[in-house]
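Colleague: The structure under discussion is supplied below as structure tokens; questions concerning it will follow.
The values are calculated or read from the model by the stated rules, or taken from the named source; none is laboratory data. Note that the structure is a prediction, hence the values are computed from the model and not measured. Methodologically, a virtual Cβ is constructed for each residue, glycine included, from the backbone with ideal geometry; neighbour enumeration extends over all protein chains shown. Heads up: the accessible areas ignore ligands, DNA and RNA and are worked out on the full protein's heavy atoms, side chains in. Shrake-Rupley method; radii C 1.70, N 1.55, O 1.52, S 1.80 Å.
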Amino acid sequence: MAKILSLFIMVTSLLVFSPTLCLSSKTNYYGYLYPQFYDWSCPNAKEIVKSVVAKAVTREARMAASLLRLHFHDCFVKGCDASLLLDSNGPIISEKLSNTNRNSARGFEVIDEIKSALEMECPQTVSCADILALAARDSTVLAGGPSWEVPLGRRDSRDASISGSNNNIPAPNNTFDTILTKFKLKGLDLVDLVTLSGSHTIGNARCTSFKQRLYNQSGNNLPDYTLDQSYATELRTMCPKFGGDQNLFFLDYVTPTKFDNNYYKNLLASRGLLNSDQILVTKNQATLELVKLYAENNEIFFEQFAKSMVKMGNISPLTGYKGEIRKNCRYMN
């Protein structure tokens, strides 16, 4: 306990000179968004989402991570407005075709199933953007992670931005400064960066996402020296220098389908799969101390993850009369 307390004090002291870099102390329901938004208009909405997500995760445990990721990849483009869900149609070029999402983003059929059930229960009432937020929370809980009240009342966009998807979503090979800048541009801070990266405690990554770490990290035909070399040897067996780009690997090889703090323990053992994971311990002292704190104390990680998810879920929502409530999440009305 003394060790955990000293780590917490150290992190606090590192962040004290920047008022935006602090562990969140309260939940803010951000104006128009509040958890009871559908209590009168669609009182069974949350249970319907939860039920469909539970069935999907029972069929395939990996789906929990996939649905959680959809919420991230939606919010980081131009706010949490379900623009990611739109298929290409007329002037719209789908964000599903971006470098970050192509052959990678998945779970859209689960969102379709949720939307269909909600349309039968209460037509054109629950937005696709809110479905994404609820599904992300429910997926986290089903994988053993924390729960939180999801502020609701988002509306759906009438457009998409493939350029925003390509440029705004943090990529596995981005530098630490680039990733932190992308977070800050969305109103998130260093604590949110370390905390939300913990979602990589579940799910998979493709060989192409980390291949350079195994063979040519810095353009000198040498592997990444920050990656545990025995782990690198294991990874090379299924991620060859040529080919195998779509082969899947667990982001957390210890407990790959359980939402816990093993992700952070892996980072301290130099066994983070993605470059964007490992740099949390190699490029910044404050993030290193937070990684140590979360590795020591799962409860603190869970508490902050819930708060950071609420914060991320409230990036530039469309409310009031902006946007629309889509009947089908793949197309504008």
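Colleague: All but one of (1) acidic (D, E); (2) within 24 Å of L67 (Cβ to Cβ); (3) open to solvent by 30 Å² or more (accessible area, probe 1.4 Å); (4) touching a helix residue (DSSP H, G or I) at 6+ places or on another chain (Cβ under 6 Å) hold for D252, so report the exception by its number.
Modeller: Of the numbered conditions (1) acidic (D, E); (2) within 24 Å of L67 (Cβ to Cβ); (3) open to solvent by 30 Å² or more (accessible area, probe 1.4 Å); (4) touching a helix residue (DSSP H, G or I) at 6+ places or on another chain (Cβ under 6 Å), the odd one out for D252 is (3).
Colleague: In segment 197-226, which residues are among the aliphatic types (A, V, I, L, M) and at pLDDT below 95?
Modeller: Matches in segment 197-226: L222 only.
Colleague: Could you tell me whether N204 is touching a strand residue (DSSP E or B) at 6+ places or on another chain (Cβ under 8 Å) and not basic (K, R)? Step through it out loud before you land on a result.
Modeller: Numbers: touching a strand residue (DSSP E or B) at 6+ places or on another chain (Cβ under 8 Å): yes; not basic (K, R): yes.
Yes.
Colleague: Looking at N275, N261 in this structure, which one is touching a Phe, Trp or Tyr at 6+ places or on another chain (Cβ under 9 Å), closer than 25 Å to T233 by Cβ and crowded, with 18+ Cβ neighbours inside 10 Å?
Modeller: Step by step, each of N275, N261 is checked, and only N275 is touching a Phe, Trp or Tyr at 6+ places or on another chain (Cβ under 9 Å), closer than 25 Å to T233 by Cβ and crowded, with 18+ Cβ neighbours inside 10 Å.
Colleague: Scan segment 91-115 residue by residue and report those that are among the basic types (K, R) and either surrounded by 15 or more Cβ atoms within 10 Å (Cβ to Cβ) or in contact with an Asp or Glu (Cβ under 7 Å, 6 or more places away or on another chain) (or both).
Modeller: Residues satisfying the conditions are K96, R106, K115.
Colleague: Would you mind telling me which numbered condition in (1) assigned to a helix (DSSP H, G or I); (2) within 17 Å of the chain's Cα centre (by Cα); (3) among the hydrophobic types (A, V, I, L, M, F, W, C) A105 fails?
Modeller: It fails just one condition, (1).
Colleague: Please verify whether segment 135-157 includes one or more residues that are at positive phi and open to solvent by less than 10 Å² (accessible area, probe 1.4 Å).
Modeller: Yes, because at least one residue in segment 135-157 is at positive phi and open to solvent by less than 10 Å² (accessible area, probe 1.4 Å).
Colleague: Let me ask something additional. Can you give me the number of residues within segment 216-239 that are open to solvent by less than 40 Å² (accessible area, probe 1.4 Å) and not in a loop (DSSP other than H, G, I, E, B)?
Modeller: 3
Colleague: Suppose we filter A117, A105 for residues that are out of contact with any Pro (no Cβ under 8 Å at 6 or more places or on another chain), in contact (Cβ under 8 Å) with a residue 12 or more places away in the chain, within 22 Å of I315 (Cα to Cα) and of a type in the set (A, V, I, L, M, F, W, C); which single one remains? Quick ask: steps written out before the conclusion?
Modeller: On the way: A117 fails: within 22 Å of I315 (Cα to Cα).
Of A117, A105, the one residue that is out of contact with any Pro (no Cβ under 8 Å at 6 or more places or on another chain), in contact (Cβ under 8 Å) with a residue 12 or more places away in the chain, within 22 Å of I315 (Cα to Cα) and of a type in the set (A, V, I, L, M, F, W, C) is A105.
Colleague: I've got another one for you. Quick check on segment 119-152: of everything there that is assigned to a loop (DSSP other than H, G, I, E, B) and either in contact with a Phe, Trp or Tyr (Cβ under 7 Å, 6 or more places away or on another chain) or of a type in the set (V, I, T) (or both), which residue is nearest to E109 (Cα to Cα)?
Modeller: Residue satisfying both the conditions and the ranking: V126.
Colleague: Being of a type in the set (S, T, Y) and surrounded by fewer than 22 Cβ atoms within 10 Å (Cβ to Cβ) is the filter here, so list the residues in segment 158-171 that pass it.
Modeller: S161, S163
Colleague: Pairs please, first residue from segment 197-216 and on the phi < 0 side of the Ramachandran plot, second anywhere and among the β-branched types (V, I, T) and surrounded by fewer than 23 Cβ atoms within 10 Å (Cβ to Cβ), Cβ atoms under 8 Å, 6+ apart in sequence or on different chains.
Modeller: If the second residue must be among the β-branched types (V, I, T) and surrounded by fewer than 23 Cβ atoms within 10 Å (Cβ to Cβ), the pairs left are T201/T255; I202/T257.
Colleague: Further question: Determine if segment 80-90 includes at least one residue that is in contact with an Asp or Glu (Cβ under 7 Å, 6 or more places away or on another chain), part of a helix (DSSP H, G or I) and within 24 Å of F37 (Cα to Cα).
Modeller: Yes: one or more hits.
Colleague: Taking segment 155-195 as the region of interest, how many residues are under 16 Å from I93 (Cα atoms), among the small types (G, A, S) and in a loop (DSSP other than H, G, I, E, B)?
Modeller: 3
Colleague: For segment 116-132, which residues satisfy the criterion of being over 17 Å from R158 (Cβ atoms) and surrounded by fewer than 24 Cβ atoms within 10 Å (Cβ to Cβ)?
Modeller: Of everything in segment 116-132, those that are over 17 Å from R158 (Cβ atoms) and surrounded by fewer than 24 Cβ atoms within 10 Å (Cβ to Cβ) turn out to be S116, A117, E119, M120, E121, C122, P123, T125.
Colleague: What are the pairs with Cβ atoms under 9 angstrom where one residue, in segment 225-245, is without any contact (Cβ under 8 Å) to a residue 60 or more places away in the chain and on the phi > 0 side of the Ramachandran plot and the other, located anywhere, is open to solvent by 50 Å² or more (accessible area, probe 1.4 Å) and of a type in the set (V, I, T)? Sequence gap at least six, or different chains.
Modeller: Pairs that qualify, where the first residue is without any contact (Cβ under 8 Å) to a residue 60 or more places away in the chain and on the phi > 0 side of the Ramachandran plot and the partner is open to solvent by 50 Å² or more (accessible area, probe 1.4 Å) and of a type in the set (V, I, T), are G244/T208.
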